[in-house]
1. How tilted is helix 202-214 with respect to the longest principal axis of the chain? Cα atoms for both, answer in degrees (0 to 90, nearest 10).
2. Among V52, A23, Q77, flag the residue with its Cα farthest along the positive direction of the charge dipole of the chain, charges on Cβ as +1 for Lys/Arg and -1 for Asp/Glu.
3. Determine ³J(HN,Hα), in whole Hz, for all residues of region 133-143 in sequence, where each value follows from phi through the Karplus function 6.51 cos²θ - 1.76 cosθ + 1.60 and θ = phi - 60°; x replaces Gly and Pro.
4. Report, in degrees rounded to the nearest 10, the 0 to 90 angle that the Cα long axis of helix 87-105 makes with the longest principal axis of the chain.
5. May I ask you to give the percent of accessible area on the chain that is carbon plus sulfur, with a probe radius of 1.4 Å?
6. What is the angle, in °, between the Cα long axis of helix 150-172 and the longest principal axis of the Cα atoms in the chain? Nearest 10 is fine, range 0 to 90.
7. Would you mind getting the accessible area per residue of the chain, heavy atoms of the protein chains only, 1.4 Å probe, in Å²?
8. For region 6-49 and region 157-215, write down the distance between their C-alpha centroids in whole Å.
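The values are calculated or read from the model by the stated rules, or taken from the named source; none is laboratory data. Note that this is a predicted model, so its numbers are computed, not measured. Here the Cβ positions follow ideal geometry from the backbone for every residue, glycine too, while neighbour counts run over all protein chains shown. Note: accessible area is taken over every heavy atom of the protein model, side chains too, but ligands, DNA and RNA are not part of it. Shrake-Rupley method; radii C 1.70, N 1.55, O 1.52, S 1.80 Å.
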Amino acid sequence: MTPAAPAYRRLSVEERRSQLLDAALTLFAHRVPEEVSLDDVAEAAGVSRPLVYRYFPGGKQQLYEAALRSAAEELEQCFDESREGPLLSRLARALDRYLTFVDEHDAGFSALLQGGSVVETSRTTATVDGVRRAAAVHILSHLGVTEPGPRLRMTVRMWITAVEAASLIWLDEDKQPPADELRDWLVDQFVAVLSVTARRDAQTAALVETLVVDG
């Protein structure tokens, strides 16, 4: 007997929206937003252009912003590390996830999360800045600091900016050095910038002593 064809399952609203966002993210990961059309997204998702408009009536701008928020949520989760093990080991695990994200999104990382696109708006800028602030909150939480002083807050945020810059340069340098070497280098830089701040800030100095003890 000829086997029956599998039954067609209609996707729920959330499943269809997720499908379209996944298709858009895949395209934005390898091409700048200006080069991606709604037809491209529809083709990648295996649906019609009108269906894309049904879920994103605001067109490409709305789809781009939704895709950006989705990517931002994924990036924020990179720094949501468990409290197991020494702090620097936790930071290394978080950076592994972050660099994996950068690697997978490759050439589109700059346009997707660092701006420089004609579709960039105050909303997209706020979304990207939210990732940086969330990363700082996670790191300060791992440091066990509930009321960080201005020097410590600035140091952590400066390091996050350095991580972003290093990631972009890493892509431009054909992903050299290897990701694990870049990760260790960034962890060492974290300790280094804290050590510099510690010379001027007692709160940071106490943290550096803890890092030395914990290894």
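1. 80
2. Final value for the positive-end residue is V52.
3. Values, residue by residue: 5, 5, 4, 4, 4, 4, 5, 5, 5, 5, 6 Hz.
4. Once rounded, the angle reads 30 degrees.
5. Looking at the chain in its full context, I get 53 percent from C and S.
6. Roughly 50 degrees between the two axes.
7. Accessible area per residue: 55 Å².
8. Distance between centres, Cα-based: 37 Å.
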